[in-house]
Structure formats: C-alpha cells, structure tokens
Amino acid sequence: MDDFVKRAAGAIADHAERELEALVAVSSPSRDARGAEEAVAVCAALLPAEATVQRVECSTPGSAPDMVARLAGSGSGRLLLLGHLDTVVGHESHAPLRRDGARLYGPGTADMKGGVILALGVARALAQMPEGFAELTILLVTDEEWRTEPFRHGERLGPFDACLCFEAGELAPGGEEGVVVQRKAAGTLRAQAIGRSSHSGSAPDQGANALVALARTALAVSARHDPSGPDRLSVVPTIMRSGEAFNVVPAAGELVFDVRADRVEALLEVQHAVPAELDGVRVEARMQRVWPGMDSRRATAGLLAGASRRLGRAIVGLARGGASDASHFAASVPLTVDGLGPRGGGAHTPEEFVLAESLRERAEVALAVALEALERPGACDP
C-alpha cells in the first residue's frame, strides 16, 4: 500500500467514529433547515483550516443553503468531493450513534453521513500536500433525498478533472473493494385522476371512479416493468391515494411510480403509456424528479487500475440502481466515481448502520482513488 494512503487513512480512522457520532447527533431530515444548518456547522468545523467556505442556494426552494468549501493548491488537478447531509429518517425516529459489536447504528450513518465524514477526512489529508492539486472542492447538499427540482450545481461549480462521491460503499461479488461507476436514470411518475363523485349506495353508476381508474393504470403501466430488457427498465407503483368517505364514489386521486432505466428517454416512454381517459375518468401524467443516468465504466477503467496498485488490493467498478448526485456530474466529468463511503446497511430506516472497520478500509480506497485522479488531470481512457 502507498505510504501516504496508509498513514492518512489511519489518521482519518482514528477520528472517524467520534466525528460520525457528532454528525449523527444532529437530526437533519430533508426540508428541515434548522437541522441542516447544524449539520453544516459540524462539517465546517471538520474542514481543513485552509478551506474557504461559501453557502450557495440549494436546488430545492426553502431548504438550507448548500455548503461549498474550496482549497487552493499549486498543482494541476481539480477534484470535487461530493456528499449530502439530509436523511430520510425524521425527527420522531432519530437516535444518537450507538455501537453494537462491529456495527455503528444511527440515522444516516450509511446514507450518507459516514461518507461525508470520510470525504472531510480525505480533504484534510490532501490539504497536507497542496502541490498535488490546483483546486479541491467539497460540495455538501442539504436536499438530496427528496429533491424534485433541477440540480443547480452541475455547471455552476465546474469544470473538474474528477468527481468522487461518498455514497455507501460495498464489496464486489469476489470480495474486492467495490465502487460505483454505473447508475440508472431515475424518475418519479405522478398520475392524477379526475373523475366524478356520487353516492356509492343509491347512485353508484352515476359517478366516475378515480380509484378504479388509478388501479387499472397501475396494472397497465407496471406491465412495462422489464429489468432484464435492453433498457433495464423498472416500473414500480409506490403510492396511491383516493377517496374521502366509505360511501362516496371517489372523484379524484393520485398514483405514483418509481421509474428507473439506463436511458432518460425510456422513462418518458413510460409516461406516454398512461391512458388519458378511463370510463369517464381523466388521467393526467407528469414526470417529476428526472435524474440522469451515469456510466463511467470505460472512462474510469485506467483510474481504478492505478488506484488498485496504490491500494495494494483490487478496486472494482460496479453498477447500482439507486440515484445519486454523482449522476449530475458524470456527463461533464468522465472520471466520476461513486460509492466511496463506508460499508453498511439498513439505509432509510431507524436501524441504519455502518461497519466500524470499514471506515479505515474505505478511507484507504478513497485516498487511493483521489491520488490517482489528481495525477491524471483531464485524462479519460479511450
């Protein structure tokens, strides 16, 4: 293993559990500005002393401003470290960090406060060698989990030679260190049904039942689900709301699908499959929260090979179905690597955890990838 990687990862690991405890102690669900401000304050305290901090407008109106921290160096590479501070778990289920054997439990430990702690540690380590980079930027957003508006930062912050995102890490099927180099495009499809109410007992056929129309829509559209097909398309109905009383034909309702595919165009084709009218019920469909896909497999092959040599063990690029802010940078930054955070599980639940031993191991991986990226500014494998 590269001496710098070994030494710096050890220093990161020595502090990581205490730093994670401080960050997890802050309850910061999406849309909670106060919690986000407290989380930003913790992260700002853990930045290298040389960093300059800005607060920039968040992509989601009403959310706390995102944090951008920059370090200037004397080298030639421009590196972005990316993460988010919001969690899915709300205040009512929040709990402080607790250790149970090899696991560190707490809301957001895996998704992705553990990764944020590693990103800050990598920044502190790289700050000790300013000759190795021209600019190091850390972007921490406050709205990743529930964002439905267009992402603001893709063009605002660039250009970068490499983007490293610290969503949760994993092992490859063969036991190698895994990082994410491919993600699906993702969208939220909403179908609004507008029917006609009537008494469900005395005049059931005078109404136009929005609930039935939505149920038929759910079956018709989900029939397009084809995860093994050419677009690896998944179409999953997730929420349906309709009706206000047990004895009234429901006049309105909403149906929500989670849709993912390799191509954004495949998501839009699913939207067109929603019927415009069913038995007198008008159905209006709109695609919301359209996130691009990411495929940096080819561009990062040489990067991961070089980082593997630095690490002394193999790093393998993997695909993951979940969405990430890394996808917003991948189109303009070919050297985009995600999944550099610690390994864990239970994301989006009160039983979320990371493996304590993985804090050091994944710090080693992230440092190896970062150093290799900085030695090949502008590089992209043919």
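The values are calculated or read from the model by the stated rules, or taken from the named source; none is laboratory data. The structure displayed is predicted, hence computed values, not measured ones. All Cβ positions, glycine included, derive from the backbone under ideal geometry; neighbour counts span all protein chains shown.
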Leading residue by the ranking (farthest from residue 286 (Cα to Cα)) among those in region 175-204 that are under 27 Å from the mean Cα position of the chain (by Cα) and of a type in the set (A, V, I, L, M) = 179
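When you look at residue 312, is it touching a strand residue (DSSP E or B) at 6+ places or on another chain (Cβ under 6 Å), in contact (Cβ under 8 Å) with a residue 12 or more places away in the chain and loosely packed, with under 15 Cβ neighbours inside 10 Å, yes or no? Walk me through how you get there before you give the answer.
Numbers: touching a strand residue (DSSP E or B) at 6+ places or on another chain (Cβ under 6 Å): no; in contact (Cβ under 8 Å) with a residue 12 or more places away in the chain: yes; loosely packed, with under 15 Cβ neighbours inside 10 Å: yes.
It is false that residue 312 is touching a strand residue (DSSP E or B) at 6+ places or on another chain (Cβ under 6 Å), in contact (Cβ under 8 Å) with a residue 12 or more places away in the chain and loosely packed, with under 15 Cβ neighbours inside 10 Å.
Just to check your reading of the model, which residue among 47, 20 is assigned by TED's automatic domain parsing to the domain that holds residue 355, out of contact with any Ser or Thr (no Cβ under 9 Å at 6 or more places or on another chain) and either in contact (Cβ under 8 Å) with a residue 12 or more places away in the chain or not charged (D, E, K, R) (or both)?
Numbers: 20 fails: out of contact with any Ser or Thr (no Cβ under 9 Å at 6 or more places or on another chain).
Exactly one of 47, 20 is assigned by TED's automatic domain parsing to the domain that holds residue 355, out of contact with any Ser or Thr (no Cβ under 9 Å at 6 or more places or on another chain) and either in contact (Cβ under 8 Å) with a residue 12 or more places away in the chain or not charged (D, E, K, R) (or both), namely 47.
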remark   = Filtering region 289-332 down to residues that are among the basic types (Lys, Arg) and more than 21 Å from the chain's Cα centre (by Cα) yields 298, 309, 310, 313
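For the subset of region 205-229 comprising residues that are surrounded by fewer than 22 Cβ atoms within 10 Å (Cβ to Cβ), under 20 Å from residue 241 (Cα atoms) and not basic (Lys, Arg), which member is farthest from the chain's Cα centre (by Cα)? Full working, then the answer.
Within region 205-229, the subset surrounded by fewer than 22 Cβ atoms within 10 Å (Cβ to Cβ) is 205-207, 211-212, 215-216, 218-220, 222-229.
If we keep only those that are under 20 Å from residue 241 (Cα atoms) too, we end up with 207, 211-212, 215-216, 218-220, 222.
With not basic (Lys, Arg) added as a condition, the list becomes 207, 211-212, 215, 218-220, 222.
Details: 207: 43, 211: 33, 212: 35, 215: 30, 218: 27, 219: 29, 220: 29, 222: 24 Å.
Restricting to residues being surrounded by fewer than 22 Cβ atoms within 10 Å (Cβ to Cβ), under 20 Å from residue 241 (Cα atoms) and not basic (Lys, Arg), the top hit is 207.
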ask   = Can you tell me how many residues in region 269-278 are in contact with a strand residue (DSSP E or B) (Cβ under 7 Å, 6 or more places away or on another chain) and surrounded by fewer than 17 Cβ atoms within 10 Å (Cβ to Cβ)?
value = 3
query = Among the residues of region 234-248, which ones are surrounded by fewer than 18 Cβ atoms within 10 Å (Cβ to Cβ), among the small types (Gly, Ala, Ser) and out of contact with any helix residue (DSSP H, G or I) (no Cβ under 9 Å at 6 or more places or on another chain)?
reply = 245
Qualifying position, being at pLDDT below 95 and in contact with a strand residue (DSSP E or B) (Cβ under 7 Å, 6 or more places away or on another chain), among 108, 90 = 90
ask   = Is region 153-167 home to any residue that is among the acidic types (Asp, Glu), surrounded by 24 or more Cβ atoms within 10 Å (Cβ to Cβ), more than 30 Å from residue 277 (Cβ to Cβ) and in contact with a His (Cβ under 8 Å, 6 or more places away or on another chain)?
value = no
task = Name the strands (runs of 3 or more DSSP E) wholly inside region 264-362 in which the number of residues that are under 24 Å from residue 220 (Cα atoms) and at pLDDT 95 or above is 2 or more.
result = 281-291
task = Considering each of 266, 323, 251, 285 in turn, give the residue that is buried (at least 19 other Cβ atoms within 10 Å of the Cβ), of a type outside the set (Asp, Glu), touching a residue at least 60 places away in the same chain (Cβ under 8 Å) and closer than 30 Å to residue 200 by Cα.
result = 285
query = Among the numbered criteria (1) in contact with a Gly (Cβ under 9 Å, 6 or more places away or on another chain); (2) surrounded by fewer than 18 Cβ atoms within 10 Å (Cβ to Cβ); (3) free of Cβ contacts under 8 Å to residues at least 60 places away in the same chain, which single criterion is violated by residue 101?
reply = (1)
ask   = What number of residues within region 23-56 are of a type in the set (A, V, I, L, M) and either part of a loop (DSSP other than H, G, I, E, B) or buried (at least 17 other Cβ atoms within 10 Å of the Cβ) (or both)?
value = 12
query = If you scan region 280-316, which residues turn out to be more than 30 Å from residue 148 (Cα to Cα) and among the aliphatic types (A, V, I, L, M)?
reply = 301, 303, 304, 305, 307, 311, 314, 315, 316
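Working only within region 50-60, note down all residues that are within 16 Å of residue 142 (Cβ to Cβ) and touching a residue at least 24 places away in the same chain (Cβ under 8 Å).
Taking region 50-60 first, the residues within 16 Å of residue 142 (Cβ to Cβ) are 53-60.
Within region 50-60, 56, 57, 58, 59, 60 qualify.
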